[in-house]
Amino acid sequence: MKQMTVVRKVAVASVLTLVLTAVSCGHGNTSAEGETTDTLQMEDSLDEDTTEFLAELDDGLSLGEREIEVFGDFIFAFTHNGRFQAERIRFPLHVVELDGSEDAIRSGKRFRSEFQLPGNDYYTLILGNRYQMDVFQNDSMLTHVALQILSTEDMTSLNYNFRRTDGRWYLESRTHTHINPQIVDFMHFYHQFVTDTVFQQDRLAQQVALTMDDPEDGEEGIEGTIDRDQWPVFRPEMPSGQFVNIDFGQVIAHPHRILLLKCGISNSMMDIFTFQQNEGQWKLTSYEN
C-alpha cells in the first residue's frame, strides 16, 4: 500500500442505523394468505389479521404520544409495530403495476403477505454528492420518501411511496416502475461492474483512493491509495441483483459523479463507493469503509 496516512473517520449517523434496523424487520414475517375484502374493516387491519403479526414483531416499542417526524424513526416503528403499521397505511392502498394496470390493497393481511424485502443484509443510498447525505440525515423538511426494491437485472424498481401529512408519515401507494432515468446509465454500468470481474478490473481508476478502519485503533482510520491489482484484496461484497434503496427525492442533475452507500442492517458499518464518468466511461475512484 502506498503513502498510507492515519486520519480520523466520520461517525455513522444514528438515523441511518435506525433505517438499517427497519429494513431487516421485513424478512420472514409475512402471511402466506393474500385475502382481500371489498371494504377495509377495522377488525381486519387492527385485530383479526394483526394478532400473529403483533405477537411476532411487537418488541415492546412504546410510541406514546410523540410525533414521529424523522423518516428513520417512522420506518423503524412501521416495521416493528403491527398496530402502528396498520394505522399508517392509506387503505385502499393504490397499486400501479409495471404494465400500467392498477389495483388496490384493501387489507393489512394482504399487504403483509406482499411486503417482502430482499434477504440481503444492507440497504443503499444513491447520491450525487455528500450534501445529499446530510439532507437525508436531517430530514425535517422531507415530505416524500420511497422505499425501493431495485433490480439491476431488469432495471426495475418496486416503490413503497410514503408522504408526510401534518407531521405524520403515511404509506400512500405502491408503484412498479423502470429505474429512474437519472441513474439508468450508471445502473447498466454498475450491473456489469459487479457481475463481470474482467470488466470491473478495467473500470478501476489507476489509483483508487482508500479509507478504511485501522484494526489496531477503532477510533482512527487509514487513508491512502491502492493500485488496480490491489483492489481484489480490499474489495467488499457489493450490492447486486435485488437490493433495498431509499429515494428521498435526491436529484442527480448531471450524473458524472455518483456515490453509492451500502449500509449494514445488523451493524452500523457503511461502505461508500465513489464512481466518476470521464470520456463516457464510468470508473470506481474511491472506496471508504
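For region 88-104, the criterion of being in contact with a strand residue (DSSP E or B) (Cβ under 9 Å, 6 or more places away or on another chain), in a helix (DSSP H, G or I) and either crowded, with 22+ Cβ neighbours inside 10 Å or not basic (Lys, Arg) (or both) is satisfied by no residue at all. Residues in region 275-289 that are over 21 Å from the mean Cα position of the chain (by Cα), part of a strand (DSSP E or B) and either farther than 18 Å from Gln230 by Cβ or of a type in the set (Lys, Arg) (or both): Gln276, Gln277, Asn278, Gln281, Trp282, Lys283.
For the criterion of being crowded, with 19+ Cβ neighbours inside 10 Å and touching a helix residue (DSSP H, G or I) at 6+ places or on another chain (Cβ under 9 Å), Leu142 fails. For Ser113, the requirement of being over 18 Å from the mean Cα position of the chain (by Cα) and small (Gly, Ala, Ser) is met. Could you tell me whether region 108-122 includes any residue that is touching a Leu at 6+ places or on another chain (Cβ under 7 Å) and farther than 17 Å from Pro255 by Cβ? The answer is yes; a qualifying residue exists.
All of (1) modelled with pLDDT under 95; (2) closer than 30 Å to Phe162 by Cα hold for Asp247 with one exception: (1). For region 59-91, what are the residues that are over 25 Å from Gly249 (Cα atoms), at pLDDT below 75 and touching a Phe, Trp or Tyr at 6+ places or on another chain (Cβ under 9 Å)? Hits for region 59-91 are Leu61, Leu63.
The residues listed here are Asp166, Asp196; of these, the one that is out of contact with any Cys (no Cβ under 6 Å at 6 or more places or on another chain), at pLDDT below 95 and surrounded by fewer than 17 Cβ atoms within 10 Å (Cβ to Cβ) is Asp166.
The values are calculated or read from the model by the stated rules, or taken from the named source; none is laboratory data. Note that the coordinates shown come from a computational prediction; the quantities given were computed from them, not determined experimentally. Cβ coordinates were reconstructed from backbone atoms using ideal geometry, including for glycine residues, and neighbour counts include every protein chain displayed.
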